[in-house]
Structures are given as C-alpha cells and as structure tokens.
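Below is one structure, written out as structure tokens, with a few remarks after it.
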Amino acid sequence: MPDILIVEDEESLREVLKINFKRQNYSLDCAESFKQAKEFIDKNSYDVVLTDYRLKGSSGFDVLKYQQEKMPLAQTILMTAYATVENAIEALKLGAYHYLIKPLKMEELNAIVGKAIETARILKENYRLKEQLRKQYAVEGIIGKSPKMVKIFDLVKKIAETKTTILITGQSGTGKEVIARAIHGLSRREGEFIVVNCGALPESLFESELFGHVKGAFTDAKFDKRGLVEEANKGTLFLDEITEIPLNLQVKLLGLLQSSRARRVGDTREYEVDIRVIAATNKNIESEVEKGRFREDLYYRVNVIRIELPPLKERKEDIPLLVDNFIRLYSAEQNKAIQGISEDALKLIMNYDFPGNVRQLENIIERAVTLTKDGKIGMDVLPDFIRNTSCEPVSSIYQYGGIDLDAKLMEIEKEAILSALKEANGKKTQAARLLGLSFRSFRYRCQKYGIAADEEEAEENKEQ
Ligand SMILES: Nc1ncnc2c1ncn2[C@@H]1O[C@H](COP(=O)(O)OP(=O)(O)OP(=O)(O)O)[C@@H](O)[C@H]1O
Ligand SMILES: [Mg+2]
C-alpha cells in the first residue's frame, strides 16, 4: 500500500512534491482534484494525505473529511497559500494533523510528513493488535478476557447449539441480554430471537401477548392474534425478568416448557412449537422461590443451565477492552477519529466500582466521546463522580514505578486551564485572571494544549 496521497491542483508543485518524496523512497499517488482523491482513497489505503486547501470546486476540508470517513487512522496535512487563523483552527478542530503555509519549506514539510507517517503507523499497529485481541476473546461481539468471562464464553460455545433451557442471572447492566443474543446467534436456529419483557407486560394482557388469542376471546379481540411464543417458533424465546411473570401464568409457561405445546386465549385447540427458552433475572430467584413468588417446579425447569454474570467490579481486567470497544463504537457513530484514552483517565475508571456495570461504563464512554473533539479521551470529560473517587496524593504516584514529571505537570496545567474556562463560562480573559496569568500567556498555553480559541477570543484581542 502506498504511503502518501498528494492532492494538489497546481501541476508544478505536484511534480516538486513527487520528486521530493520519491527521493526519500516513499511510495505515493498524486491527485489533482477532490474527485480524483476520492477515487484513490476508495481503492487504496494511505498513511498520510497531503492536500492543498484550495481545490477547484472543493476544499482541502472535503479531502480531510473523506479521509476521516474512509481511513480514520490516516493523517491529513493541509497546505495553503491563503493562511488565516480561523482556517488553521478549523483544520485542527476537524482533526487535521498539521497545517502548512505556502511557500513550503521542504525541510519542515519532510519532518512533519515523517512524523505523521509514524503516527499513522502506530495507530494502525495498535488497531491491529486490538482487533487480534478482540477476536481472541469475544463471542459474537461480547468483550471480556477475565477468567470469569472466559469460562462463560466456553460454556456458551458448548451449549449454544443444544436446545437446553438457560437461566442467566446477574446484576442490572452485566450483559444478560447480550449473552442471550449471542447464544441465539451461535445456535444456528433459523427462527428469530424474541424478547418477552415480563416486567413490562400488564397482567391482563400477559397471557394473550405470550400465547396469542382467537377472535372473540375477549371484548377487544377483534381478530386472531399470534402470540410471542409462536413468533419465536424455530428460534429463541428470551424471557427477560422472568420472576415478574404472574403466578397463574407460571403454570401455563411450565406446561409449554414441558410439552412444547400451548393454547391461544379462547381457543380449544393446542398448537405445537419448536422453541429454545432463555430466561434472565437480576433478582435473587432462589429467594423469590422461598417467598412463594416463583413456582419451584418452574424454577427447576428453567434453571437447567445457569450462567451467572459477575458484576463488572469483579472483572476489572475487562474494563480496558470494553473501554476500547465503546470508544471505537461511538467514535464511528459520531464520525470522530478518537485515539483511545489517556492513562490517567483509564486509571480513574479502573478505580470506580460501577454499580450500573457494563451499561454504566458504556454510557460514560459515550458521553466522553461526545465531549472529546479528537485525540485521546482525558480525565476532563469523565463525570465528577468518577473524578472524585480517587484524587491521588502526589506522594503515592511513585507506586507505578516512577513518573514523568514534565508530562504530569503538563497534565495538571491542562486540567487547570480547562477548569478555569469552565468556571469562567468560557470567557478567556476571566479564566486567565483566575489562574493569575496574562491573557497572552494564557492564550499561548491554550494553543499548546490544543484548547481551541473561539470568537470571543478574537473579540478580546481587538480590545487589547
Ligand atoms: N461483555 C460485553 N461486551 C460488550 N458490551 C457489553 C457487554 N456486556 C454488556 N454490554 C453492553 O452493556 C449494555 C447492557 O447490557 P445488557 O442489556 O445485556 O444488560 P442486562 O444484564 O440485560 O441488564 P438489565 O438487567 O438492566 O436488563 C448493552 O448496551 C450491552 O451492549
Ligand atoms: Mg436486560
């Protein structure tokens, strides 16, 4: 695969660039328009796209956006003869790697392209390794490498193709439905996966929803209606929150499980179905049995194979994988090129207990991706309840085998700038004052950390 794609409408410059990069043994393609660049990107994958800002009928931003959509790990460098601060900021905001001003200084150009190629290659290598890991551990999109989850995956693979009834238990958000769907996916059953939310169906409708009814069975029954049990024929019936089934229906469900036969409400005939039942609950089902709220005979019929999903805090090894997975998922959904999470942010997440389990982690990452423009997810986009769980005293940071003091200080500086900006409602002059900095020095630091300047800054610049 080629290394560089050059997009430049001016032929002489295109030639100069071509010779320059060929001399350094890079392989490259040259496009003279956005249209042609698209054709190249559709066919090939590049590490770096070097594009002119002004292209006939389009702009370098179109190229940048196309690159991000089609090759999110590549890096785009923009070149322009018409430099404006707004454009440069916009380019960086959109995720460009760099913004160069024409006439180009070849030495600078080569250094930047070299670094961009290195960045792209590291990202690609990381991605490849993560994909490898993911494939190794995942069952049908389920992430986990902790011994507890690996054991569950092994069991799932073993039982998926059988017709055995399965009971999945575990706290809310631990992935019960995900596992149930995976079992169905691996089962090769040709029918559908039908969810019955036992907690949400009103008692009066429950029987007819589940088993169907015939016309005239009750006042509102104007037509024959198939039940969810029939919908699940040849597939899987997922009884979610099974302990919520009303007692009188528990008997009928037991009948179905024992004979694979059921009867629509108001009908005299029975029908036969071929279903696989998976039930789930986040309640302690044994104590429901003890209290007489769940029939013991049905319990034994359902609890043939038990999958107990551990809370997330008991399988923290899975957190980094889940975090990566959700970052990838939500940055793809939101069209962003987010490059993972900072070490500190991950550390904070690892220290949290997650009462809402994987669902809560997923929500936190979705929010963090939304609040992050590009680069890595930092501590600043994590919710307060996570940030407050562990404010490490400086004296304890050496337990990780020493620290990089400069990096630590930069991180603290960035955090302080962001929190001052928040405190000052985004007003930069005020934020600078809060930190005891001159506006000039504040602005310099903002630039250093890629904290984008907005119009308000331009206004204030004029005032000065
Ligand atoms: N191991 C996992 N890998 C990837 N995603 C997961 C995993 N476990 C859970 N999730 C995600 O977490 C969310 C919650 O999972 P799910 O709905 O299966 O939980 P649940 O146990 O059924 O919760 P509840 O008891 O509240 O219904 C889903 O968005 C799911 O995609
Ligand atoms: Mg559920």
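All of the numbers you see were taken from the coordinates with simple rules; none came from a lab. Predicted model only: the values in this text are computed from it and were never measured. Note that each Cβ is placed from the backbone with ideal geometry, even for glycine, and that neighbours are counted across all protein chains shown.
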Query raised in the report: What does the helix-only formula give at 222 nm for the chain: each DSSP H stretch with n ≥ 4 adding -39500 (n - 2.57), the total divided by the residues, and the result rounded to the nearest 500 deg cm²/dmol?
Result: -15000 deg cm²/dmol
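Compute the Cα gyration tensor for the range 1-107, then decide on rounded, prolate or oblate, letting a ≥ b ≥ c be the square roots of its eigenvalues: rounded whenever a/c is under 1.5, prolate when a/b is larger than b/c in the other cases, and oblate in all that remain. Walk me through the intermediate numbers first.
On the way: a/c = 1.43, a/b = 1.11, b/c = 1.30.
Rounded.
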Report task. Give the residue from Gln171, Val277, Leu28 lying farthest towards the positive end of the charge dipole for the chain; charges sit on Cβ (+1 for Lys and Arg, -1 for Asp and Glu) and the dipole is referred to the Cα centre. Result -> Val277
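Can you pull out the trypsin sites (Lys or Arg not before Pro) in the range 73-155 whose DSSP state is coil and whose Cβ has at most 12 other Cβ atoms within 10 Å? Present the calculation step by step, with values, prior to reporting the outcome.
Working: sites: Lys93, Lys105, Lys115, Arg121, Lys124, Arg128, Lys130, Arg134, Lys135, Lys145, Lys148, Lys151; in loops: Lys105, Lys145.
Passing both the DSSP loop test and the Cβ count: Lys105.
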Query - Whether the chain is rounded, prolate or oblate, judged on the alpha carbon gyration tensor where a/c under 1.5 counts as rounded - result: prolate
Query raised in the report: Going through the range 162-215, which GluC sites (Glu not before Pro) have at most 15 other Cβ atoms within 10 Å and a DSSP loop state?
Result: Glu190, Glu192
Report summary line: Relative contact order in percent for the chain (Cα pairs under 8 Å, 6+ apart) equals 12 percent
Query raised in the report: If we count other beta carbons within 10 Å of each Cβ, what is the order of Arg23, Arg295, Arg306, fewest first?
Result: Arg23, Arg306, Arg295
Report summary line: About its Cα centre, the range 150-309 carries a charge dipole, from +1 on Lys and Arg Cβ atoms and -1 on Asp and Glu Cβ atoms, whose size in debye to the nearest 20 is 360 debye
Requested in this report: Report the longest stretch of the chain that contains none of the chymotrypsin sites (Phe, Trp or Tyr not before Pro) sitting in a DSSP loop with at most 13 other Cβ atoms within 10 Å.
Outcome: 224-464
Query raised in the report: Hey, fewest Cβ within 10 Å first, where do Asp374, Asp274, Asp240, Asp220 land in order?
Result: Asp220, Asp274, Asp374, Asp240
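About the Cα centre of the range 165-242, what is the dipole size in debye to 20, counting +1 per Lys and Arg Cβ and -1 per Asp and Glu Cβ, all else neutral? Display every interim value, and only then the final one.
On the way: 9 positive and 12 negative charges, 59 e Å.
It comes to approximately 280 debye.
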Requested in this report: Report relative contact order for the range 150-309 in percent, whole number only (criteria: Cα-Cα under 8 Å, sequence separation at least 6).
Outcome: 34 percent
Report summary line: Using alpha carbon centers only, the range 212-242 is separated from the range 29-58 by a whole-angstrom value of 56 Å
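Between Lys93 and Glu413, how high is the FRET efficiency from 1/(1 + (r/R0)^6) when r is the Cβ-Cβ distance and R₀ = 30 Å? Nearest 0.05.
0.90
Dipole magnitude of the chain about its Cα centre, charges +1 at Lys/Arg Cβ and -1 at Asp/Glu Cβ only, in debye to the nearest 20? Don't skip to the end; give the middle numbers.
Values: 70 positive and 74 negative charges, 189 e Å.
About 900 debye.
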Query raised in the report: the range 313-378 to the range 414-443: how many Å between their Cα centroids?
Result: 27 Å
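Given a cut-off of 30 Å, name the pairs among Lys376/Lys427; Lys102/Lys427; Lys145/Lys336; Lys373/Lys408; Lys145/Lys448 whose C-alpha atoms lie farther apart than that in the structure shown.
Lys102/Lys427; Lys145/Lys448
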Query raised in the report: Over the range 4-134, what is the relative contact order in whole percent, taking alpha-carbon pairs under 8 Å and six or more residues apart?
Result: 20 percent
**Report entry** the range 238-333: C-alpha gyration tensor shape, a/c 1.5 cut-off, then a/b vs b/c
**Finding:** prolate
Query - Candidate aspartates and glutamates - alpha carbon under 18 Å from Lys35, same-chain residues fewer than 8 apart omitted - result: Glu8, Asp9, Glu10, Glu11, Asp52, Asp62, Glu69
